[in-house]
Amino acid sequence: MAIRRILMANRGEIAVRVIRTCKALGIETVLAASAADLDSLPARLADRTICIGPPRPADSYLKVDAIVQAALGVKADAIHPGYGFLSERPALAKLCEEVGVIFIGPSSAQIEAVGDKLRARAEAELAGVPTAPGGAVETVSEALALGRKIGPPLLVKAVGGGGGRGMKRVDRLEDLPAAMHMASAEAGAAFGDARVYLERFVTRGRHVEVQILGDGKGRVVHLGERDCSVQRRYQKLIEETPAPGLSPDFRARIHNAAVQFTERLCYRSAGTVEFLVDLERDAFYFLEMNARIQVEHPITEAVTGIDIVSEQIAIADGRGLSLKQADVRPSGCAIECRINAEDPGRDFHPSPGTVRTAEWPSGDGVRVDTHIFSGARIAPFYDSLMAKIIVHAADRPAALERMSNALAATRIEGVATNLAFHLEVMADPEFQAGGVDTSYLPRFLESRRLMQEARAHG
Amino acid sequence: MTLSAKDVAEIMRLLEQSSFDNLSLEMNGVKLNLQRGSAVAVRQPTAPPATAEPQPQAAPPPVQRKVKSPSEPGLADVVSPLLGIFYRAPKPGEPPFVEVGSKVTEDTVVGIIEVMKLMNSVCAGVKGQVVEILAENEALVEFDEILLRVRPGA
């Protein structure tokens, strides 16, 4: 085995997660940490921690040169980028390729191919994967012509955007020119790329994504799908697998689409192909591909028994895929709740600070991926994800019950969290019925707000 | 063929690195049963850190960063402004920018830090005399690591 030492170029729970698998595999870990994270849980677990820069991400976790120099300096064989930060920046993968450090992820060319949303859309079409009606528009007249053809409601999307950023909904065609100008200006400022494209806005849609592993030589296996429809402003809060209520045929078609798309790219490493399921038309459309490990990967691990990080490392090491499609046999149901340091009572405002007490649940079918312990500090420079509580059970009702118990057994003091909010969702009849669409959470939050107001006035 | 203590140690090492929790070996009347003990953290190497894994209720202790204590009180630290490779001299074979005993001013260059072929000079930032040089030539220095110490003064 070539990979003996890995530089972990990330922080928080994903750094802890990757370090754990490395320890189990007997691989040394060096954490590349900012000055704010030198006493973090991953720093305590890693074999060594080196300080790459000041707390601000732009001065540390986003510095490609510093990360690669750190890897060379500590003689790391490989870099694991985690998610976010530099994980999907072609620059890091490219510099790794140039200096001969293994990048645990896809090639820089593959990151580029899927990072440009319009190019990814074209790749999907070439692979025979359905995309939502739409396409690139350069002028207002082009946009109006295409808009008329598709019919409102429409979505104006930034080519350089992703994860919900750089999108505008248009309900009337006369609003399209203004929305297009605004989206283009915003995209230019935010992503340095003013190009936009149009797509049909799916009124009742579910977010279903497929986890895949590719060996980089054209062989791909899928590890089933995840339903991530419980979102607030495109931020996922609850994920589950399998996606409730899909017919076996529909499920197989969506899995195949993800495999077709990534096989064509000869995709290497773990990745996720996201689809929008159109409930009114019983169809699904390619949304985008995430060329990295995802926050919600543990639910797939729970039902398949496959360690995705371990597979990533093996693929990066040139050992290919350890499994065939027939070896992937998901069993039961898994749910994940993202516990964030944010206050649902104050519009989910982040609440950094010191965690006085952190007690996490444990037991059969319960897994907690966290970097938070009693006394840990939540710095204001980074995202507010404290932990992911993952449960696994034989079926969905049992998983829901297990999650409620796990949430109830969790105790966090010192910072505001969304723990109580998750408990309410688990007890909500609509969520319990399964198969909610992406409009569910905004509706749930609105009715919750109205109820609280009524209580305050009553 | 029999099993020596060395063989058993080797088998234990193999089990340790494998994805299995138990190993039973029977050969020529010798029976060997090995089980992953609680002496090592109980976990399955290739399975995800899943269901049965106990959660860390108490965090491991903080990492003690070892920094050489100053040889005398009142010294000013000159720290690295960024992570990179530290060079004491402008070029290999040339004399170092400063030695112990050198007088420096705020603008005196005391070393170079290379980040992916990009050279950054480091100034003393303080006026005085170099008392200690902590960073090694051509070694990786971290952000904020102490490179040298200066006795402030004229």
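We did not get these values from a lab; they are worked out from the coordinates using the rules stated. The model shown is predicted, which means the values in this text are computed figures rather than measured ones. Neighbour counts are summed over all protein chains in view; Cβ atoms, including those assigned to glycine, are modelled from backbone coordinates with ideal geometry.
If R0 is 41 Å, what FRET efficiency do you get for A:R219 and B:E136 from their C-beta distance, rounded to 0.05?
0.30
Just to verify a number: FRET efficiency for B:E94 and A:A91, C-beta to C-beta distance, R0 = 45 Å, to 0.05?
The computed FRET efficiency comes out at 0.85.
What does the charge add up to near A:S60, with Lys and Arg as +1, Asp and Glu as -1, over the other residues with Cβ less than 13 Å from its Cβ?
-2
Can you compute the helix-only [θ] at 222 nm over the protein assembly as shown? Use -39500 (n - 2.57) per DSSP H run of at least 4 residues, normalise by all residues, nearest 500 deg cm²/dmol.
-8500 deg cm²/dmol
Rounded to two decimal places and with Rh computed the Kirkwood way over Cα pairs, what is Rg over Rh for chain A?
In chain A, Rg relative to Rh is 0.95.
Evaluate the Kirkwood expression for the hydrodynamic radius of the stretch A:5-104, namely the inverse of the mean inverse distance over all pairs of different C-alpha atoms, and round to one decimal in Å.
12.9 Å
Could you give the nm distance between label points at A:Q325 and B:S71, where each point is 7 Å from its Cα heading toward the beta carbon?
7.0 nm
Step through the table entries A:K94/A:K117; A:K63/B:K117; A:K23/A:K236; A:K168/A:K236; A:K117/A:K236; A:K23/A:K324, compare each Cα-Cα distance with 24 Å, and write down the pairs that go over it.
A:K23/A:K236; A:K23/A:K324, as the Cα separations exceed 24 Å there.
With Cβ to Cβ distances under 14 Å as the rule, what net charge do the other residues near A:H255 carry (K, R +1; D, E -1)?
-2
For the stretch B:76-152, take the convex hull of the Cα atoms, compute a quarter of its surface area, and give me that in nm², please.
Taking the Cα atoms of the stretch B:76-152, their convex hull projects to 4.3 nm² on average.
Using every Cα-Cα pair within the stretch A:382-454, state what percent have a distance larger than 16 Å.
Cα-Cα pairs in the stretch A:382-454 separated by more than 16 Å: 58 percent.
Can you tell me the Rg and Dmax of the stretch A:133-245, counting just the alpha carbons, in angstroms?
Here Rg and the maximum Cα pair distance are 16.6, 48 Å.
What is the sum of charges around A:K388, taking Lys and Arg as +1, Asp and Glu as -1, for the other residues whose C-beta is under 12 Å from the C-beta of A:K388?
Overall, the nearby charge balance is -2.
Three principal axis extents, largest first, for the C-alpha atoms of the stretch A:205-453, in Å?
Sorted from largest, the Cα extents of the stretch A:205-453 read 53, 43, 34 Å.
Report, for chain A, the % of DSSP beta bridges that are antiparallel, rounded to 5.
The antiparallel fraction comes to roughly 80 percent.
Taking the simple approach of a point 7 Å from Cα along Cα-to-Cβ for both A:D395 and A:E359, what is their distance in nm?
3.3 nm
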